[in-house]
Structure formats: C-alpha cells, structure tokens
Amino acid sequence: MKFNLSLIFIFTFFLSLIANPVFSQKFILLQKGANQKTRLKYEIGEDFTYKSKDMAFYVTDKIVDIKTDIIVLTENVLQPSDIVAVDISKKDPRNSTLKNLGSLGMGAGGLFLLVTSVNSLYQEGDLSTVGNSIGWPIGFFTAGFIISKIQYKEFKHKGRNKIQLVLLY
C-alpha cells in the first residue's frame, strides 16, 4: 500500500496545530507558605476576583493570558506585586467541606428532634418528654448553622502568602 507523501505532511501539520496547546500550561498559583494543601490554581478562562493597590474594592475579570511577569485580563493587565488580596470564597474546596459539615450538624438536630417527638408520641401519647431533651437538637442545629457560615473568603498577598505565575511548556 502506497501512502501519498503530501497527505502524510498535511496530517502531521494539522496534528501539530492541535497538539501544541495541549503541552503548554499557564496558571496562577496561590499558596500559603510551603503548605501544598492550601494551593489554589487559576487557569486561563476562569474568573479572577482581586483587589489591587490602586483600588479599595474587588474587581472580577476573566483571565485571558498569563505571561512571565504579568496577568492579562479582559479589561486590565496586572503584575502579581500589584495584587493586595484575591477573593477565594467560590474557589476554595475547603468551603464546600465546611458547608457539608454544617449540614450534617443541622440534619442531626432535625433528626434528633423528629425521633424524640415520634418516640414521645408512641410511648406517652403526647409531646411531654420532648421538652426534657430539646437542648440537644437546638445545640446540634445551632452548631451546624455556625459551622456552615465559616468560610475562607480572601487570600491576602503578604507575609508567607505568595502569588506565582507558572508557565509550563
């Protein structure tokens, strides 16, 4: 079987165009000290909410490109040294863990109250014994509610906290 040399060349050319972006990665890395568990990675195309030295409020913008020393956004160009804080409330996976833990506490409170009520109705015929143990479900529910509201909200660029621009080819 004979292969046409021009067909092989065209196929190789298109394959190189498709494969080129796959081998390069550009992302912003937020890390607290040497702890790798607190790393957050922002890639091209993601929303980036930041507070810069020039502005006293947060700005949300989409990352277009990342160069060796600048971050190119749709409406701004930033250097990592210009960033004062980054809003990480939607990005940090620890926030969803805290919300789930809070939901468990609130669910435990509701379930405890339900079981106590059903048990009291079954044994006594009224809700007289629910009043003796009402503190436990209220405690569970309150603790779950408080835990669900705890969040990691911002990453401040100072001290051991660092913002790195990573370019891998």
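To the nearest ten degrees, helix 93-123 and the longest principal axis of the Cα atoms of the chain are 20 degrees apart. Once you treat every alpha carbon in the chain as an equal point and sum by Debye, what is log10 I(q)/I(0) at q = 0.14, 0.15, 0.18 Å⁻¹? After summing over all Cα pairs, the log10 values are -0.83, -0.89, -1.09. A convex hull fitted around the alpha carbon atoms of the range 101-156 yields 50 Å³ per residue.
Taken along the Cα-to-beta-carbon direction at a fixed 7 Å, the label points for L165 and S81 span 1.2 nm. When the range 38-104 is described by a simple charge dipole with +1 on each Lys and Arg Cβ and -1 on each Asp and Glu Cβ, the residue from L73, S103, P93 located farthest towards its positive end is S103. If only the Cβ of Lys and Arg carry +1 and only the Cβ of Asp and Glu carry -1, the dipole of the chain around its Cα centre is close to 680 debye.
Projected over all directions and averaged, the alpha-carbon convex hull of the range 40-119 occupies 7.3 nm². Largest mean-square fluctuation among F27, F48, F57, in a Gaussian network model of the chain whose springs join Cα atoms under 10 Å apart, belongs to F57.
When the chain is described by a simple charge dipole with +1 on each Lys and Arg Cβ and -1 on each Asp and Glu Cβ, the residue from F48, F155, F27 located farthest towards its positive end is F27.
Pairs from the table (K53/K162; K90/K149; K53/K149; K26/K62; K51/K91; K67/K90) lying more than 21 angstrom apart at Cα are K53/K149; K67/K90.
Each other residue within a Cβ distance under 13 Å of T74 adds +1 if Lys or Arg and -1 if Asp or Glu, for a net charge of -4. In the context of the full set of protein chains, the chain has a per residue accessible area of 70 Å² (1.4 Å probe).
Rounded to a whole number, what % of the accessible area of the range 72-169 do carbon and sulfur atoms account for, probe 1.4 Å? Reported share for carbon and sulfur atoms: 62 percent.
The peptide list 114-126, 77-89, put in order of mean Cβ contacts within 10 Å with the highest first, becomes 77-89, 114-126. Only Lys, Arg, Asp and Glu carry charge here, each on its Cβ (+1 for the first two, -1 for the last two); on that basis the range 74-139 has a dipole of about 160 debye about its Cα centre.
The values are calculated or read from the model by the stated rules, or taken from the named source; none is laboratory data. Everything quoted here is computed from the prediction, not taken from an experiment. Neighbour counts run over all protein chains shown; Cβ positions are idealised from the backbone, glycine included. What goes into the accessible areas is simple: the full protein's heavy atoms, side chains included, and nothing from ligands, DNA or RNA. Shrake-Rupley method; radii C 1.70, N 1.55, O 1.52, S 1.80 Å.
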